[in-house]
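One structure below.
FYI, it's all coordinate maths here, none of it is from the lab. Source: prediction; values computed, not measured. As a convention, Cβ positions derive from the backbone with ideal geometry for all residues, glycine included, and neighbour counts pool all protein chains shown.
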Amino acid sequence: MDQQVPALYVVMVDVSGSMARDNLYGRVKDAVTAFVGALDPADQVYVFAFDQTARPCGSGPLPAERRDEILRCLPPPPPTGADTNLGQALYEAVGVLEKSAEPVAALVLISDGEHDPADGSRYPRTGIATDPDWSDLEDRAAALTKVTAYAMELRASNGATTLGYVFPHPQILEAGSPELIRPLLDRPKADARAAKARLLLVPDLAKGASVQWPAGEPRLDYAAGRAEVNLTVTSEVGHLPVQLEDLRLESTGLPVKADGLPERLDLAACRDQPCPLRLRLSWAAPPGSPPPGGTLRLTGRVTSPFEAELREIDVPLDSPLTSAPVRFTVTAPAPESRAPAIAVAMVATLLLLGAALAAALWLRRNPALRGSLSASIVINDEGGTKDTGVAQLSGRRHRLALNLPGKGTVHLAQGWYVITYSPDGSELRTDTGRCPPGGSVIVNGVLFRHRLAEHDKERSGDSGLGVDEPVQSGQF
């Protein structure tokens with residue numbers, strides 16, 4: 001922004017005879033020299049000399065940098081004007097100021113302040129507060145809102161009192177160095193710069209920034225618990241550096257959180273083309289039916305590194321972030337039917353029950369062997385025998401290994417010890433006999449005797465059935 005604020009200064013110099021007292025006019029040139037030295041090169045100065053009338057120097061204002069020409073506008077001493085008509089001088093000054101197009105304008109009065117017009121003047125010396133011409137001049141001056149009035153002090157003399165009838169509360173300029181004058185002259189310029197800044201910045205900041213969501217409604221997979229969404233941010237602010245801070249995601253329908261939001265986003269890069277912004281969304285997906293959908297909205301605060309300067313010139317930083325809520329839908333897999341699972345569970349249960357029943361039936365039909373079994377070969381018809389061996393029975397089927405030729409087995413069935421034996425191991429000569437518990441039986445010429453175990457002898461009528469025992473060597 002251009003910091004130069006050109007100003008028009010209408011300088012009214014009193015050249016009446018009263019300025020000759022105490023050599024007041026001798027100080028005028030030094031005062032004007034200091035005043036012009038405090039101006040900017042772009043400023044304009046219009047000098048009027050007045051006594052009974054006001055006379056401009058040249059055809060218009062001069063640039064402040066042409067200081068010598070401005071000083072030549074001052075009439076040489078001594079001042080010789082017969083009367084002092086401050087009212088007429090102010091009338092001419094107001095007419096010039098009303099035509100000014102400069103953003104800042106000022107009236108500078110250099111006078112001893114004595115209003116002593118000739119008889120018949122439209123601006124009388126007395127009754128100023130109620131005189132209609134003075135009142136009209138005051139009204140015209142009040143309409144000049146960009147004009148500041150100054151009274152240059154020459155020793156203890158200035159025209160502030162009379163000037164105050166037309167321009168209320170005029171400021172006093174000391175006729176000193178430019179460094180003393182410049183701060184007072186800069187105040188209206190600072191106000192003008194602030195007004196110019198407000199004129200540019202207030203509507204510019206009102207444009208703010210906007211967030212664009214992707215076309216169509218985002219679809220969030222409820223079971224996945226996460227998704228990514230690509231946004232764009234655009235800024236229309238052109239005259240001031242601005243940025244986005246405190247970015248947050250607001251949601252309804254589903255508590256969605258967003259990762260990937262920057263702490264600060266410089267919007268200068270988002271003027272010519274949108275800035276991409278990727279959001280990593282996440283949400284909890286507890287068991288149960290998901291919501292059908294909801295809304296997402298990005299919020300934030302538009303800030304500027306020049307907030308302090310904006311406050312000084314009364315420019316509010318209320319630039320908005322435009323982000324209309326966007327609707328989203330929630331997708332979820334169809335709930336699985338429980339009927340197949342129940343059917344599978346029932347089949348598995350039935351199979352287990354069947355297996356258990358089959359196992360129980362097999363165990364009942366094949367009880368564990370108990371006691372011992374001895375074998376003796378029958379050697380004659382009178383019953384003579386030759387013992388071959390004794391074996392402790394265990395398991396559910398026992399292979400006969402009693403020093404007998406051939407092969408054989410023994411197992412329990414319906415309370416009987418069923419002994420199958422073949423002297424030569426062939427099926428042709430295989431024979432089977434049933435031996436009661438504690439009894440004997442002859443199979444293929446071999447006498448087999450069963451002996452009960454000690455703990456079974458007291459169980460009269462015991463069928464020989466017992467608890468399962470692990471298969472040991474020699475069993476099958």
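When DSSP beta bridges are limited to those with both residues in the chain, what percentage is antiparallel, rounded to the nearest 5? If you can, show how the numbers build up before the last one.
Values: 70 of 100 bridges.
Roughly 70 percent of the DSSP beta bridges within the chain come out antiparallel.
Got the relative contact order for region 209-331 handy, in percent, Cα pairs under 8 Å and 6 or more residues apart? Intermediate values should be presented prior to the final figure.
On the way: 256 pairs, mean separation 45.0, N = 123.
Averaging sequence separation for qualifying contacts and normalising by length gives 37 percent for region 209-331.
Taking the mean number of other Cβ atoms within 10 Å as a proxy for protection, how do you rank 144-150, 284-290 from highest to lowest?
On the way: 144-150: 18.6, 284-290: 9.6.
The packing order, highest mean first, is 144-150, 284-290.
Rounded to the nearest 0.05, what FRET efficiency do ASP30 and LYS99 have when you use their Cβ-Cβ distance and R0 = 22 Å? Display every interim value, and only then the final one.
Details: r = 30 Å, r/R0 = 1.37.
That pair, ASP30 with LYS99, gives E of 0.15.
Find the relative contact order for region 372-456 and round it to a whole percent, using C-alpha pairs within less than 8 Å whose residues are 6+ positions apart.
Numbers: 183 pairs, mean separation 21.4, N = 85.
So the answer I get is 25 percent.
Cysteines without a disulfide-compatible partner in the chain, using Cβ under 4.7 Å as the rule?
For the chain, the answer is CYS435, because their Cβ atoms have no other cysteine Cβ under 4.7 Å.
Kirkwood Rh over Cα pairs of the chain into Stokes-Einstein at 4 °C, 1.567 mPa s: D in µm²/s?
It diffuses with D of about 38 µm²/s by this estimate.
Any idea what diffusion coefficient region 209-331 gets from Stokes-Einstein, in µm²/s, Kirkwood Rh on alpha carbon pairs, 4 °C, 1.567 mPa s? It would help to have the intermediate numbers written out before the result.
Working: Rh = 15.7 Å.
The calculation lands on 82 µm²/s.
Rounded, prolate or oblate: which one fits region 109-201, using the alpha carbon gyration tensor with axes a ≥ b ≥ c (rounded when a/c is under 1.5, else prolate when a/b beats b/c, else oblate)? It would help to have the intermediate numbers written out before the result.
Details: a/c = 4.03, a/b = 1.43, b/c = 2.82.
The shape class here is oblate.
Among VAL10, PRO41, ALA20, flag the residue with its Cα farthest along the positive direction of the charge dipole of region 1-42, charges on Cβ as +1 for Lys/Arg and -1 for Asp/Glu.
ALA20
Nothing charged except the Cβ atoms of Lys and Arg (+1) and of Asp and Glu (-1): what's the magnitude of the dipole of region 7-202 about its Cα centre? Round to the nearest 20 debye. Numbers along the way, then the final one.
On the way: 19 positive and 27 negative charges, 126 e Å.
Result for region 7-202 is approximately 600 debye, rounded to the nearest 20.
In debye, nearest 20: dipole of region 209-331 around its Cα centre with unit charges on the Cβ of K, R (+) and D, E (-)? Don't jump to the answer; show the numbers that get you there.
Details: 12 positive and 16 negative charges, 137 e Å.
So the dipole magnitude of region 209-331 works out to roughly 660 debye.
With point charges of +1 on the Cβ of Lys and Arg and -1 on the Cβ of Asp and Glu, referenced to the Cα centre of the chain, which listed residue (CYS57, LEU254, TRP134) lies farthest in the positive direction of the dipole?
LEU254
How high is the relative contact order of the chain? Use alpha-carbon pairs under 8 Å, at least six apart in sequence, and give a whole percent.
Details: 938 pairs, mean separation 46.0, N = 476.
That works out to 10 percent.
Over what distance in Å are the Cα centres of region 96-150 and region 302-322 separated?
Centre-to-centre distance over Cα atoms comes out at 40 Å.
Just the C-alpha atoms of region 1-118: what Rg/Rh do they give, with Rh taken as the Kirkwood radius?
Working: Rg = 14.2 Å, Rh = 14.5 Å.
In region 1-118, Rg relative to Rh is 0.98.
Could you pull out every one of the lysines with an alpha carbon less than 18 Å from that of LYS99, ignoring same-chain neighbours closer than 8 positions?
Partners within reach: LYS146.
Identify, among PRO290, PRO316, THR329, the residue whose Cα sits farthest towards the positive end of the charge dipole of region 209-331, taking +1 on the Cβ of Lys and Arg and -1 on the Cβ of Asp and Glu, with the dipole about the Cα centre.
Positive-most Cα among the choices belongs to PRO290.
List every DSSP H helix in the chain whose Cα atoms extend 27 Å or more along the helix's own long axis and whose mean Kyte-Doolittle hydropathy is at least 1.6.
Working: long enough: 178-205 (37 Å, -0.07); 339-365 (38 Å, 1.73).
What comes out of the filter, once short or polar helices are dropped, is 339-365.
Quote the charge dipole size of the chain about the Cα centre in Debye, to the nearest 20; the model charges only the Cβ of Lys and Arg (+1) and of Asp and Glu (-1). Intermediate values should be presented prior to the final figure.
On the way: 47 positive and 58 negative charges, 867 e Å.
In total the dipole reaches around 4160 debye.
Among all stretches of the chain without exposed GluC sites (Glu not before Pro) (DSSP loop, at most 10 other Cβ atoms within 10 Å), which one is longest? It would help to have the intermediate numbers written out before the result.
Values: sites that count: GLU263, GLU336, GLU382, GLU427, GLU458.
With GluC sites (Glu not before Pro) excluded where exposed in loops, the chain gives 1-262 as its longest stretch.
At 7 Å along Cα-to-Cβ for each site, give me the label-to-label distance between ALA82 and SER372 in nm.
17.4
Once you list every other residue whose beta carbon is under 15 Å from the beta carbon of PRO63, what net charge do they have if Lys and Arg are +1 and Asp and Glu are -1? Working shown, then result.
Working: positive: ARG66, ARG67, ARG72; negative: ASP40, ASP43, GLU65, ASP68, GLU69, GLU102.
Computed value for this residue: -3.
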